[in-house]
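*Asks:* The structure that follows is given in the form of structure tokens.
The values are calculated or read from the model by the stated rules, or taken from the named source; none is laboratory data. All of these numbers come straight from a predicted model, not from anything done at the bench. All Cβ positions, even for glycine, are placed from backbone atoms using ideal geometry, and neighbour counts span all protein chains on display. Note: accessible area is taken over every heavy atom of the protein model, side chains too, but ligands, DNA and RNA are not part of it. Shrake-Rupley method; radii C 1.70, N 1.55, O 1.52, S 1.80 Å.
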Amino acid sequence: MKIEPFLLERFFARHEFSVRHLLCASDCETISLGELLAMEPGATEAFNALRLGYTETAGGADLRREIASLYEGIAADDILVFAGAQEAIFVFMNAVLHAGDHVVVHSPCYQSLGSVAAAAGCRVSPWPAEAGRGWALDPDDLAALAWTDTRAMVVNFPHNPTGYLPEKERFIAIVEAARSRGLLLFSDEVYRFLEYDAGDRLPAACEIYENAVSLGVMSKAFGLAGLRLGWVACRNHDVLRAMAELKDYTTICVAAPSEFLARLALRQRSGFLARNLEIIRGNLALLDAFFARHEGLFSWQRPRAGPVAFPAVRFAAASDDFCAALLHERGVLLAPGSLFGAAGRHFRIGFGRRDLAAGLEELSAYVNKNL
Ligand SMILES: Cc1ncc(COP(=O)(O)O)c(C=O)c1O
């Protein structure tokens with residue numbers, strides 16, 4: 001297989017663990033193993049007694065039941081567990097799509113959503129979200145984008161990198177557009193549960209469309225990326241079977257400690273989500289104030305969900321130049337839009353972690369000195 005380098009991940013491989021201020025992470029604040037185990041009496045003893053053999057390929061039944069309880073009308077058998085959301089994307093695109101299939105992909109995007117399909121021989125058409133439309137996707141666009149031989153549609157809400165979350169009616173119209181054309185819908189929902197107003201939470205695509213695959217993960221809303229544990233939820237068992245057959249060649253099963261810890265965290269989900277939403281709300285207030293102070297220098301569209309946003313820089317022709325200079329002078333890492341297929345002035349800022357304020361001060365210092 002020939003696949004193009006994953007620009008964002010290569011960028012992180014260079015900078016993530018050496019930069020002073022990581023201001024473009026897309027996950028929420030993590031916790032320590034000890035803190036997680038302390039959340040339930042007896043958890044430490046049970047973890048110490050855990051057997052370290054293979055786990056079930058589909059994911060342990062208890063874990064799948066816990067994951068299924070995140071959804072309405074979804075059973076443990078509708079869940080397939082993966083080593084992170086990334087593996088699930090890779091496996092779906094390679095196991096379910098065929099060379100020559102036409103696929104419409106929400107863009108800009110987390111690159112693998114388009115690149116893996118392209119590497120699998122699919123013809124990929126971007127479904128462009130534009131800043132001028134508030135990053136909204138319009139289902140009417142599909143009249144021109146979806147052809148008679150289109151096989152699948154890929155969307156991501158809440159969206160990385162823009163933070164866009166459609167209203168429920170619009171989301172349902174998008175799902176209905178997939179249904180009426182007989183398309184598979186791959187719905188990347190890894191930022192679900194991070195809606196600032198819980199009333200804005202969308203139904204999961206798998207709940208309302210039998211040919212939809214909903215993607216979830218422990219990395220983002222729960223802040224447990226190091227578990228490398230994700231899943232798909234889907235009522236079409238031909239899709240799940242094809243994915244399971246390919247997974248035998250990728251990871252076979254996930255690590256037993258990750259399964260144990262993910263189950264524990266899912267049982268304790270309300271605490272995780274409340275804590276991370278509180279961090280996000282506090283950080284959003286800082287960002288609102290920062291962008292209000294520098295209105296002429298940046299444009300800021302406040303998201304309705306998630307830990308990332310995609311503001312634009314007004315004083316440089318390309319965010320690549322701004323981000324490179326900021327990194328060089330102040331040790332602050334922002335992710336230029338080019339890493340998401342959106343070359344130009346936008347950049348991703350992440351605000352799911354506690355240490356935003358210090359990085360934002362450095363960003364302010366850069367702006368005050370240079371402009
Ligand atoms: C939209 C989206 N999908 C999938 C992933 C992959 O998640 P993970 O790193 O947990 O596998 C990410 C990670 O940034 C993402 O932003």
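*Asks:* Using θ = phi - 60° and the Karplus relation 6.51 cos²θ - 1.76 cosθ + 1.60, list the HN-Hα couplings for region 134-148 in order, rounded to whole Hz, with x at every Gly or Pro.
*Replies:* Whole-Hz 3J(HN,Hα) from phi for region 134-148: x, 6, 6, 9, 10, x, 5, 4, 5, 4, 8, 8, 8, 9, 5.
*Asks:* So which trypsin sites (Lys or Arg not before Pro) in region 7-92 pass both tests, a DSSP loop state and at most 15 other Cβ atoms within 10 Å of the Cβ?
*Replies:* Numbers: sites: R10, R14, R20, R51, R64, R65; in loops: R20, R51.
Passing sites in region 7-92 are R20, R51.
*Asks:* Order E29, E45 by their accessible area, 1.4 angstrom probe, all chains in place, largest first. Could you put the intermediate results ahead of the total?
*Replies:* Values: E29 45, E45 120 Å².
Accessible-area ranking of E29, E45, largest first: E45, E29.
*Asks:* Can you tell me which of E278, E210, E169 moves the most in a GNM of the chain? Springs connect C-alpha atoms under 10 Å apart.
*Replies:* E169
*Asks:* Which cross-chain or sequence-distant (5 or more) residues have an amide H under 5 Å from the amide H of R345, H modelled 1.01 Å from N in plane?
*Replies:* Answer set, sorted by chain and number: S319.
*Asks:* Please give the FRET efficiency for R10 paired with R123, using the beta carbon to beta carbon distance and R0 = 25 Å, rounded to the nearest 0.05. Spell out each step's value before the answer.
*Replies:* On the way: r = 25 Å, r/R0 = 1.00.
Efficiency computed from Cβ-Cβ geometry: 0.50.
*Asks:* Where only protein heavy atoms count, and the probe is 1.4 Å, what is the accessible area per residue for the chain in Å²? Write down the numbers at each step before the final one.
*Replies:* Numbers: 15120 Å² over 371 residues.
Solvent-accessible surface per residue comes out at 41 Å².
*Asks:* In nm, to one decimal, how far is the modelled label at Q268 from the one at Q301, with both set 7 Å along Cα→Cβ?
*Replies:* Taking the two extended label points, one gets 3.7 nm.
*Asks:* Ok, one more. For region 302-361 and region 227-244, what is the centre-to-centre distance using only Cα atoms, to the nearest Å?
*Replies:* 33
*Asks:* Are there DSSP H segments in the chain that both extend 20 Å or more along their axis (alpha-carbon positions) and score a mean Kyte-Doolittle hydropathy of at least -1.0? List them, or say none.
*Replies:* Numbers: long enough: 269-293 (36 Å, 0.40); 356-370 (21 Å, 0.04).
Flagged H segments are 269-293, 356-370.
*Asks:* Which of the three applies to region 33-97, rounded, prolate or oblate, going by the alpha-carbon gyration tensor with a ≥ b ≥ c and a/c under 1.5 meaning rounded? If you can, show how the numbers build up before the last one.
*Replies:* Details: a/c = 2.27, a/b = 1.74, b/c = 1.30.
It comes out prolate by the Cα gyration axes.
*Asks:* Here is a follow-up. Along each principal axis of its Cα atoms, how long is region 55-132 end to end? Whole angstroms, biggest number first, please.
*Replies:* Result, largest extent first: 41, 32, 20 Å.
*Asks:* So what is the orientation-averaged projected area of region 162-225, using the convex hull of its C-alpha atoms, in nm²?
*Replies:* Details: hull surface 18.5 nm².
Result: 4.6 nm².
*Asks:* Something else now. Could you give the alpha-carbon Rg of region 105-221 over 2.2 N^0.38 Å, rounded to two decimals?
*Replies:* On the way: Rg = 13.4 Å, N = 117, 2.2 N^0.38 = 13.4 Å.
That works out to 1.00 for region 105-221.
*Asks:* Let me ask something else. So how far apart, in nm, are the two label points at E167 and D321 if each is 7 Å from Cα heading toward Cβ?
*Replies:* So the two model labels end up 4.0 nm from each other.
*Asks:* Would you work out the Kirkwood radius for the chain? I mean one over the mean of 1/r across all pairs of different Cα atoms, in Å.
*Replies:* On the way: mean 1/r = 0.0472 Å⁻¹.
Computed over the chain, the radius equals 21.2 Å.
*Asks:* Name the shape class, rounded, prolate or oblate, that the alpha-carbon gyration tensor gives for region 1-109, where a ≥ b ≥ c are the square roots of its eigenvalues, rounded holds for a/c under 1.5, and otherwise prolate holds if a/b is larger than b/c and oblate otherwise. Please list the in-between numbers first.
*Replies:* Values: a/c = 2.12, a/b = 1.22, b/c = 1.74.
Since a/c reaches 1.5 but b/c is at least a/b, the shape of region 1-109 is classed as oblate.
*Asks:* What are the GluC sites (Glu not before Pro) within region 71-156 that DSSP puts in a loop, where the Cβ has at most 13 other Cβ atoms within 10 Å? Write down the numbers at each step before the final one.
*Replies:* Working: sites: E72, E87, E130; in loops: E72, E130.
Sparse-neighbourhood loop GluC sites (Glu not before Pro): E72, E130.
*Asks:* What distance in nm lies between label points placed 7 Å from Cα along the C-beta direction at D248 and L371?
*Replies:* 5.6
*Asks:* So if we plug the beta-carbon distance of A256 and R20 into 1/(1 + (r/R0)^6) with R0 = 35 Å, what FRET efficiency do we get, rounded to 0.05?
*Replies:* Working: r = 36 Å, r/R0 = 1.03.
It comes out at approximately 0.45.
*Asks:* Take the chain, connect every pair of alpha-carbon atoms lying under 10 Å apart with a spring to form a Gaussian network, then pick out the residue of R201, R170, R353 with the largest mean-square fluctuation.
*Replies:* Of R201, R170, R353, the Gaussian network model singles out R170 as fluctuating most.
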